[in-house]
Amino acid sequence: MSELLLELRSEEIPARMQAKAAADLQKLVQEKLFEAGYRPEGAKAFATPRRLALVVTGLPARSPDRKEEKKGPRVGAPEKAVEGFLKSAGLSSLEACEVREDKKGQYYVAVIDEPGRPTPELIADIVAEVVRGFPWPKSMRWGDGDMRWVRPLTSVLCAYDAEIVPFEVAGIAAGDETVGHRQHAPEPIQVRSFEAYAEKLRDARVVLDPEERLETILAEARTLCSAQGLELVEDMGLGKEVAGLVEWPVVLMGSYSEKFLEVPDEVLAASMKGHQKYFSVRDPATGRLANKFVFVANLEAPDGGAAMRVGYERVLEARLSDAWFLYKQDLKTKLEDRLADLDRITFFDGLGTVGDKARRVAALAKEIAPLVGADPHAAERAGLLAKADLVTGMVYEFPELQGLMGRYYALEEAGLSAVLRDASLREAPQDEAGSDNDLRPEERRSRAAKLRPEEPARSDGVAKLHPEEPARSDGVAKDGRPRDLQIADAIRDHYKPAGQGDDVPTAPVSVAVALADKIDTLTAFWAIDQKPTGSKDPFALRRAALGLTQMLIQRGDRISLRWFAERALAEHDKRVEFKVKELWAVSSNGPPTGELASASGARFSPTAWLFPTVSRFLLAFFHDRLKVWLKDQGRRHDRVDAVLTNAVGEPEDDLVLIVKKLDALDAFLATDDGANLLAAHKRAGNILKAEEKKGWEEAPFDPALIEAPAERALADAVETATAAAGDALKTEDFAAAMGALAGLRGPLDAFFDAVTVNAEDAKLRANRLALLNAVREA
C-alpha cells in the first residue's frame, strides 16, 4: 500500500477560507476515490496561507476490476429511455448490451466488465477534476486562461508511491517541488513523501498543521504575559484567524500609551482585534486591560523584532487615537440630545423613524415594568435612550459595540465613571438580599400575591399594573442600586439574547426594556405584513420571539401576549401613520369603510381593526417558536400541542402557564393516575365520536332520567371530580385537577359493565350519551 501526497500552492489564501478549503479538498478527493472502488486507510488535509496539502494512505497500485450487470428498458422501448440507459451505463450503443427474456418479454442488460486502472492514472484524472471544480466561495482568473482559483495558482506537487503523477492543470505541470517560507527559505524543495514533505517544510520555516500553529501562538502569548505579571485575554476566534495569516508564527509583545486606558476596554479590544489582529492583555490587579498587546509576526527578525515592534506600536497608536477622539467627541453630546438624530433615520418604511421606535419602547417599558418588578421611571428612561448610541461616532466605527457604548455614555453622564475604571463595578452587582430578582419565579409570584391580596384576577388573563413607584429623591431604586446604573445596564442588555446560547437579561429594568423592544418589533412588522417566510427572516423576528419567550419562561413572568400586542399596537397608533395599502394585506376584509370616510383630515386609527388579526397570527408565531424550543429540550410534540390551548380551545397566551401545564402533564402521565385518566377519556371519547358520525348532537344531562345505580354513581363522581378539578385549577394545581379527574376511571368502568349505553329507549340512550359527554367535557 502506498500514499498520495498532494500540494496546491498559490498566493495568500484568506484566513477565513482555509479550514473549509482543506476540508473540501479531503472530501472531494476521497469521494472520487470511493467511486473508483478504493478504500484508503486514512486521509488528512492541511492549510497554510500559501498552500493546501493532502495526504492519503493505503492506496493499492491499481483500482479494483469492475464487473456489473445493469438491467435496462424493454426491447422496443422509447428512444429517450434507451439513450438514458446507455448514458448511465457508460455505453455508446445497444450493440454492447445483451438481450435477455423473462415472463414479461425481452429487455436489455448492460454487462460492464472493466479491468482496473493504474492508480497514478486515476489520481491524475481525479486531482485535475477536483482542482478545476473547486468550490471556493470567491475565486479569480489570472493570466490568459479560464482557470479560477481563490488566488493565482503557482505550483502543483503530486506524488504517488514516491513517483511524480504526471498531469497538467491551468497550464501548470505537476511535479515534486515546493518552496518554504517566503523570506526565510524561498529556494525549491524536492519531496515525494509526506514525512519528508512535513520535515523539510518545518526546516524551511513552515508549520503545516494549523492546529499546531494555533497552539504555538497561544502558548507563547501566555508565557510572554505571565513573565510580566499579566494575563492574555483568550480569544479562540482571533487565534484561529491569526494562525491562518502566518506560516511561521513569532509571538511578540508591544505597548501603547496609558492615556488610551481612559477609553472603555471593549473599544480597545475591538480596535486591536478588528483592525490589527492583536491580542489584548489584562492586568489581574485591576481586572482591566493593560497598556500592552500581543502580536504575531510571520518571520524571525535579526534584531529580535525590535524594529517590527516599533512599527506595530505606531500603527496601533494611530488606531487608538482615532478611537480616543471618537469617544471624547461622543461624550460632548448627551444621549437624550441624540434623539433628534434618530428622528432622521427611518426604522422601516411605514413604521416611522428610529426615534419613533425609541419612544414606543419607552412607553411600553414603563407599562411592563411593574409586571416584572422594575422601576417604571427607570424603565421608561432606559427605553428612550436604548437606541441613542446608534448615531454615535464610536458605534458607527464599531457596530458590534451597540448598546455597550450607550451604557458607558450613560454612566459618564450620571457621574458613575468609576464603573469604567473599577473592574469590580463593570458588571451590574447582585440585587440586595430579599429583592424580587433573587427569588425563583414561583417565589416571586407568591410574594406578589401576598403583597396584593386584594387584587382580583382579571377575566382577560392580564394582571393589573402595579401603582407607579414615585422616584426617590436620592436616585436610588428600591433594590438598593443607583437608578442610573440600572438604566445604563438596560441600555446595554436590551438587545439580549442576541443568538442561540446567549444569556437573557435578568435585572428587572433590563428585562422590561428588552421585552418592550422585542414586542414592538414583532407587532410592527406583523402590522405591515412583513412576516418571516420559509427560511427568510431578514428582520430577525424569530430570534426576537425566541428571546422574549426565554425571558418570560426563565423568570416566570406571567404576562399576556395578547396584552403585549394590544399595547404595542396602541403605541404605533399614537406615533406612526400606518399605510392603508399595507393594512389591506393583513386582512382580506380591509379597514372599516366608516373610519376611512370620516371627516376631512381625520386620522385613521387601525388599532381596533388590526388587533384581532395581528394578535392571532402573532400568537401562533410565538407558539411555533415555543414548540421548537421545547422540542429541543426533549419534550414530546403531542404533549406540547396539548397544552397550547385553554379549556375552551382558544390559544393560550401565557407562556409560563403553558410550560407549567406541560411540566404537570409530563409528571402526571408517568403515574398510575395518569394512565387511568387517559383510559377514562379514551373510552368515553371513542363512543361519542362514533355517535357523532351517526348524527348525535350534544344535549344537557338530565339527572331525573337516571335508572341504574352505576349510572347514578358515575353522575355523582363527575359532579364531585368537576368541582374538585375546578377548585384545583383556581390555584393552578394541575396535578390535583388531573388526579381528581383520574378518579372517574373506576365509576366509568363500572358504568360500562352494568349499563347499556345504546338502550332501546331513545331518551334514555340520549341521556346516557350526555353523561359520557359530561365525562369528556370534565
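Between the amide H of residue 66 and those of 114, 116, distances stay under 5 Å, these residues lying 5 or more places away or on another chain, with hydrogens modeled in the peptide plane.
For a paramagnetic label modelled at 7 Å from the Cα of residue 761 toward its Cβ, which residues of the range 710-729 fall within the zone defined by backbone nitrogen distances under 20 Å? Those under the cut-off are 710-716.
Here the calculated FRET efficiency for residue 231 and residue 141, from their Cβ-Cβ distance with R0 = 56 Å, stands at 0.75, rounded to the nearest 0.05. Ordered by 1.4 Å accessible area with all protein chains kept, 313, 98 run largest first as 98, 313. Compared with the direct C-alpha span, the chain from residue 694 to residue 671 gains 4.7 nm at full extension, assuming 0.36 nm per residue. A dipole drawn for the chain from +1 and -1 charges on Cβ atoms has a positive end, and of 127, 402, 207 the residue lying farthest that way is 402.
Calculated FRET efficiency, residue 343 and residue 574, Cβ-Cβ r, R0 22 Å, to nearest 0.05? Efficiency for this residue pair is about 0.90.
For n ≥ 4 DSSP H runs only, could you compute -39500 (n - 2.57) per run for the chain, divide by its residues and tell me the 222 nm figure to the nearest 500? Show your work: numbers first, answer last.
On the way: 29 runs with 372 residues, N = 778.
Rounded to the nearest 500, the figure is -15000 deg cm²/dmol.
What the Cβ-Cβ distance of residue 645 and residue 712 gives, at R0 = 41 Å and to the nearest 0.05, is a FRET efficiency of 0.80.
Net charge dipole, the range 375-414: roughly 80 debye, given to the nearest 20, about the Cα centre with Cβ charges of +1 for Lys and Arg and -1 for Asp and Glu. Ordering 628, 617, 668 by the projection of their Cα atoms onto the charge dipole of the chain, which places +1 on the Cβ of Lys and Arg and -1 on the Cβ of Asp and Glu, puts 617 at the extreme positive end.
Note on residue 729 and residue 616: their simple-model spin labels are 2.4 nm apart, each label 7 Å out from Cα toward Cβ. Here's the list of aspartates and glutamates a cross-link from residue 71 could span, going by alpha-carbon distance under 13 Å and ignoring same-chain residues fewer than 8 apart: 98, 101, 102.
Taken along the Cα-to-beta-carbon direction at a fixed 7 Å, the label points for residue 203 and residue 75 span 7.0 nm. Normalised per residue, the accessible area of the chain is 49 Å², obtained with a 1.4 Å probe and no contribution from ligands, DNA or RNA. Across the chain, C-alpha contacts under 8 Å between residues 6 or more apart give a mean separation that, scaled by the residue count, equals a relative contact order of 7 percent.
A straight Cα-to-Cα reach below 22 Å connects residue 259 with the lysines 273, 277, 292, 328, 332, residues fewer than 8 places away in its own chain not being considered. Solvent exposure of residue 763, expressed as accessible area, is near 150 Å², computed with a probe of 1.4 Å over the protein chains only. Residue ranking by accessible heavy-atom surface, 1.4 Å probe, largest first, among 233, 294 comes out as 233, 294.
Only Lys, Arg, Asp and Glu carry charge here, each on its Cβ (+1 for the first two, -1 for the last two); on that basis the range 237-366 has a dipole of about 400 debye about its Cα centre.
Each Lys and Arg Cβ is given +1 and each Asp and Glu Cβ -1; about its Cα centre, the chain then shows a dipole of about 1040 debye.
When the pairs 357/496; 357/531; 67/103; 334/574 are compared against a 24 Å limit on Cα-Cα distance, 67/103; 334/574 fall above it.
Candidates 254, 267, 237 compared by Cα position along the dipole of the range 226-269: farthest toward the positive end lies 254, with charges placed on Cβ. Indicate the gyration tensor shape class of the range 141-208 (rounded, prolate or oblate), computed on the Cα atoms with a ≥ b ≥ c the square roots of the eigenvalues: a/c under 1.5 is rounded; otherwise a/b larger than b/c is prolate and the rest oblate. Note, shape of the range 141-208 comes out oblate. Surface composition of the chain: carbon and sulfur atoms hold 51% of the protein heavy-atom accessible area at a 1.4 Å probe.
For residue 253, the shell of other residues with beta-carbons less than 12 Å away shows a net charge of +1, using +1 for Lys and Arg and -1 for Asp and Glu. Taking the range 641-778 as the region of interest, the number of lysine pairs whose Cα atoms are within less than 22 Å, with members eight or more places apart or on different chains, is 8.
Need one word for the chain: rounded, prolate or oblate. Basis is the Cα gyration tensor (sqrt eigenvalues a ≥ b ≥ c); a/c below 1.5 gives rounded, then a/b vs b/c decides.
Oblate.
Sorting 667-673, 529-535, 163-169 by average packing, meaning the other beta carbons within 10 Å per residue, from highest down gives 163-169, 667-673, 529-535.
Distance between the modelled labels on residue 704 and residue 154, one decimal in nanometres: 10.3 nm (7 Å Cα→Cβ projection).
In the complete set of protein chains, residue-level accessible area for residue 345 is approximately 70 Å², probe 1.4 angstrom. Length gained on full extension, residue 313 to residue 12, computed as 0.36 nm times the residue gap minus the Cα-Cα distance: 105.9 nm. For residue 290, the residues whose modelled amide H falls within less than 5 Å of its own, excluding neighbours fewer than 5 places apart on the same chain, are 281, 282, 283.
The values are calculated or read from the model by the stated rules, or taken from the named source; none is laboratory data. Computed from a predicted structure; not experimentally measured. All Cβ positions, even for glycine, are placed from backbone atoms using ideal geometry, and neighbour counts span all protein chains on display. Quick note on the areas: whole protein, heavy atoms, side chains included, nothing else; ligands and nucleic acids left out. Shrake-Rupley method; radii C 1.70, N 1.55, O 1.52, S 1.80 Å.
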